Each structure stands twice: as C-alpha cells, then as structure tokens.
Amino acid sequence: MFTCQICPAPPLELIDFGPQPVCNRYLAEPDAREYRHPLILSQCQTDGLLQLSRPWPSDEVRPRLDWISYKEPERHLDDLCDRIAALPGVGTDTLITGVSYKDEPVLTRMEKKGFSRTWNVSLEELGIHHPGAGMETIQDVLSEDLAGKLRSLKGVPGVIVVRHLLEHSNSVSKTMAFLKAWAAAGGYLILEVPDSEQTFKDLDFGTVWEEHVCYFTEFTLGRAFVPFDTDLMDVIRYPYTLEDCLVAIVACRPAAAPLPNDPGRLRQELALGTNFKAGWQTLATRCQQALQQVIDAGGATVIFGAGHRAATFVNLLGLERLISCVIDDDPRKAGLYLPGCQLPIVTSAHLHSARPALCVLAASPDSEQVIIGKNKAYSDNGGRFASIYPRSPLAWEHLKA
C-alpha cells in the first residue's frame, strides 16, 4: 500500500487521470506504442500533502533528448544568499554544497560574497552517467551510503542547497535521510520548492505532471520536516507570476518544540484537493464545448508552447481532437509530435499561413506579450490570443471556475 511522502498514513485518491505519457518524450512520428503510466493525484488526510500515489520509474522519466532542461526563477536568490550568509555559525570558510545544476546560481553568488568553499556535486560524483539525466535521476540515487562517500571526498558541508529537488522525489523520506547523513550536525538545509497553493485554487491542471511527485504549499512544506528530527527555522515566500517559490531553512538538530497542530489550516488544505477534484470534469467539459464552438463556426484552434504544461493541459482535459497543432519556434521541436495527444509541432509561421481563429498560449506567462508582439499581424487579421494560465491577464474565460 502506498503511504504518504511525509507520514505513514495512506493518502486518499482524488483523481485517476488514467495512463499518461512522459511529457518530455517528444515523438518523431505518431506512435500507438508510446509509453504511458497511471497518473493518480492523491492527498494525505493527516498532513494535507497533495502527491502522486504511484510515482513514475525514474528511468522512464529521464529525457531521451540531451537538449531538454528546465530553468528555475532566480530573481529572489540575492535575498536568499544574504539570509544564508547571516545564519548563525556560517562563515566564509563554511563548506556550502549543492546537488544539481539548479543549485549553481546560489553557489556562484555565495562565492562572490567571499565564501571560498563551495562544491556543486557533479553527476559523475553521484554515480550518474546518463548525459540527459536530471532531477528524476538524481533523486533516485540518493542514499545514506552516497552521503558517506561525499563526506569523504571534500568534508562535511555546513550548508546544503537543494533547489527544486524535493518535489521530484519519489521518496521524501529517502531524500531527507541522505541530506541528514551528509550535512554536519547543526548544519543547514536550504530547500526550495514551487508553491502549488494558488495553482490548485485556480484549477490550473497544467501544473500536474509526472515529474512532480509532491505539490507543496506553505503549510505542507512546514509539515514535511516534522518526522525527520530537524528544526524548521523559517519558510520564506518569494512571489512570481506563474507560481511562487517557497524556501525552507532547516537546521539539522532537534526542534526546541514540536510544530503545533493547526486543524483549521489542515481543513483548508483538504478543501484544496476536494475542490480540485470537483472542478476537473466541469472544467474539461467547459473547455471542450468552447473549442467545439470555434470549430463549428469554421475556425481552428492551436496551442502555443510545446512544453510539459501544454501537454498536460491538452491531455488531462481531453482536448486533443479539438486542437489542430502546437506552435513552438524552438527549431529542435519543429517537426516532432507532442507526447500523448501526438499533435504536430510547427513554427509560428503557421499563425500567418493558416490563420486559426484562436491561439491558446501555454508558454511562460512572462513571455506572452513578447509572443503577441512578434505575431501582431496574426491578431491584426482577426486572430485571438488567450492563455491557459488563470492568473494571466489573457486568461481564457472558459478556464475560470
């Protein structure tokens, strides 16, 4: 029986989306044999954590194309580094480490602040030899034995930076055991994750995908460290357009006092999952009907941005037969097919040649105005842009609950 990522209770299944594809596995041609795995969203009724109850095999999630990577927001990192530098006991000779390319921007900033001992562990030092490996592979190899080997290589870190790994972990317990075994007693863990609270409130179904096993909120991130005999010092929220970043600063020592229960806050967390479940079919029906109206009026619909959010948006809401193609100007994607729906990926020239009635934006919301500006001729000729992101000023009205 599957148990919660942060407590022994079995989580309650909310939505079984059925067999879904790996969003980073673009297809050279439509393929009926495309790998799929059950995508099941559940929620622990004890601590409120939203999570996938059947995490996917890391080897299947690992990208097959070496150019696939993910960029995390960095605007908040100067402030975060100031906070790290001010932690009690941390000095310029403290060993500060990271475990992935996502931690490098923090280590670089700490070096510029005069911290001379930084170390971002390489894939080879982790025992990983796949060139396209990412967080899905890193989380899979972490163990207490590996922690011992890393200690013997360069010493015991006083600060470990872990950006955007915890939400990818098939076992939060295993990841935390590794980090505690690697860190110095009384050292610090700096754990950054995306905040899922608003995206779940907004019924943003593009947020659920196979690479994120856990969907943390400020409440559930705080609860995540209770079982591991650590001291949660702070959870900091950094606001962003799409989803906020949450950073937990955790000391590797027993907490002075247990984290108090908050039944009212737990009820809010559980309502987050219940409402998300209730909104799925209603939202899917509303979007399907809206796209069908475009088709019935003689128009066509395209989606702009061939990333994982476009794939999950189309696949989870059942829109594949109502969208003609996916637009993306990355030359490495043109000519391929989006996983699951297997829609062809074409360049933005299609907007001007085919003139679809509606272009639904699924690229980063920060890039929406740039895309519109580059394709002004399309909108000048009657084409309409909308966004899959409920918080965008261009949010498609049919996505609003």
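The values are calculated or read from the model by the stated rules, or taken from the named source; none is laboratory data. None of the values given here were measured: they were computed from a predicted structure. No Cβ is skipped: glycine too gets one built from the backbone with ideal geometry, and neighbour counts run over all protein chains shown.
Answer yes if at least one residue in region 256-269 is free of Cβ contacts under 8 Å to residues at least 24 places away in the same chain and in contact with a strand residue (DSSP E or B) (Cβ under 6 Å, 6 or more places away or on another chain), and no otherwise. Checked region 256-269: no residue is free of Cβ contacts under 8 Å to residues at least 24 places away in the same chain and in contact with a strand residue (DSSP E or B) (Cβ under 6 Å, 6 or more places away or on another chain).
Part of a loop (DSSP other than H, G, I, E, B) and farther than 30 Å from Thr274 by Cβ: does that describe Asp82? Please lay out each step first, then the result.
Values: part of a loop (DSSP other than H, G, I, E, B): no; farther than 30 Å from Thr274 by Cβ: yes.
The answer is no for Asp82.
Filtered by the rule that a residue be crowded, with 19+ Cβ neighbours inside 10 Å and touching a residue at least 60 places away in the same chain (Cβ under 8 Å), region 146-169 gives Pro157, Gly158, Val159, Ile160, Val161, Val162, Arg163, His164, Leu165, Ser169. Ser116 - would you say it is in a loop (DSSP other than H, G, I, E, B), farther than 24 Å from Ser364 by Cα and at pLDDT below 95? Spelling it out, Ser116 is indeed in a loop (DSSP other than H, G, I, E, B), farther than 24 Å from Ser364 by Cα and at pLDDT below 95.
Any residue in region 68-76 that is modelled with pLDDT under 95, of a type in the set (D, E, K, R), touching a Lys or Arg at 6+ places or on another chain (Cβ under 6 Å) and outside the structural domain of Cys341 (by TED's automatic domain parsing)? For region 68-76, residues modelled with pLDDT under 95, of a type in the set (D, E, K, R), touching a Lys or Arg at 6+ places or on another chain (Cβ under 6 Å) and outside the structural domain of Cys341 (by TED's automatic domain parsing): present.
Can you name the residue in region 85-113 that is assigned to a loop (DSSP other than H, G, I, E, B) and in contact (Cβ under 8 Å) with a residue 40 or more places away in the chain and is also nearest to Ser143 (Cα to Cα) among such residues? That would be Val99.
Scanning region 213-228 for residues that are in contact with a helix residue (DSSP H, G or I) (Cβ under 8 Å, 6 or more places away or on another chain) and either surrounded by fewer than 21 Cβ atoms within 10 Å (Cβ to Cβ) or part of a strand (DSSP E or B) (or both) yields Cys214, Tyr215, Glu218, Phe219, Pro227, Phe228. The single residue among Arg64, Arg75, Arg83 that is under 26 Å from Tyr215 (Cα atoms), charged (D, E, K, R) and surrounded by 14 or more Cβ atoms within 10 Å (Cβ to Cβ) turns out to be Arg83. Scanning region 124-145 for residues that are surrounded by 18 or more Cβ atoms within 10 Å (Cβ to Cβ) and without any contact (Cβ under 8 Å) to a residue 60 or more places away in the chain turns up Leu126, Ile138, Leu142. Would you call Leu49 buried (at least 22 other Cβ atoms within 10 Å of the Cβ), out of contact with any His (no Cβ under 7 Å at 6 or more places or on another chain) and touching a residue at least 60 places away in the same chain (Cβ under 8 Å)? The answer is yes for Leu49.
Scan region 307-330 residue by residue and report those that are within 12 Å of Gln342 (Cβ to Cβ) and either of a type in the set (Phe, Trp, Tyr) or touching an Asp or Glu at 6+ places or on another chain (Cβ under 9 Å) (or both).
In the first step, residues of region 307-330 are kept if they are within 12 Å of Gln342 (Cβ to Cβ); the result is 311, 314-315, 320-321, 323, 325-326.
Val314, the sole residue that qualifies.
Helices (runs of 4 or more DSSP H) fully within region 300-401 that include at least 1 residues being buried (at least 18 other Cβ atoms within 10 Å of the Cβ) and small (Gly, Ala, Ser): 308-317.
Would you say Ser69 is surrounded by fewer than 14 Cβ atoms within 10 Å (Cβ to Cβ), hydroxyl-bearing (Ser, Thr, Tyr) and in contact (Cβ under 8 Å) with a residue 60 or more places away in the chain?
On the way: surrounded by fewer than 14 Cβ atoms within 10 Å (Cβ to Cβ): yes; hydroxyl-bearing (Ser, Thr, Tyr): yes; in contact (Cβ under 8 Å) with a residue 60 or more places away in the chain: yes.
In short, yes.
Of the residues examined, Ala183 is one that is at pLDDT 95 or above, in contact with a strand residue (DSSP E or B) (Cβ under 8 Å, 6 or more places away or on another chain) and either assigned by TED's automatic domain parsing to the domain that holds Val99 or of a type in the set (A, V, I, L, M, F, W, C) (or both).
Each row is one residue, and each column tells you yes or no for (1) more than 27 Å from the chain's Cα centre (by Cα); (2) at pLDDT 95 or above.
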position	(1), (2)
Ala224	no, no
Asp229	no, no
Asp234	no, yes
Ala248	no, yes
Ala251	no, yes
Ala256	yes, no
Leu270	no, yes
Gln281	no, no
Cys287	no, no
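Quick check on my filter: what residues within region 190-212 are part of a helix (DSSP H, G or I) and among the aromatic types (Phe, Trp, Tyr)? Walk me through how you get there before you give the answer.
Applying the first criterion (part of a helix (DSSP H, G or I)) to region 190-212 yields 197-201, 205-207.
Correct list: Phe200, Phe205.
Picking from residues in region 244-292 that are of a type in the set (Val, Ile, Thr) and part of a strand (DSSP E or B), the one that is surrounded by the fewest Cβ atoms within 10 Å (Cβ to Cβ) is Ile249. Exactly one residue out of Ser53, Ser69, Ser58 is of a type in the set (Gly, Ala, Ser) and over 14 Å from Glu211 (Cβ atoms): that is Ser53.
When region 109-141 is filtered for residues that are hydroxyl-bearing (Ser, Thr, Tyr) and more than 20 Å from Gly155 (Cβ to Cβ), only Thr137 remains.
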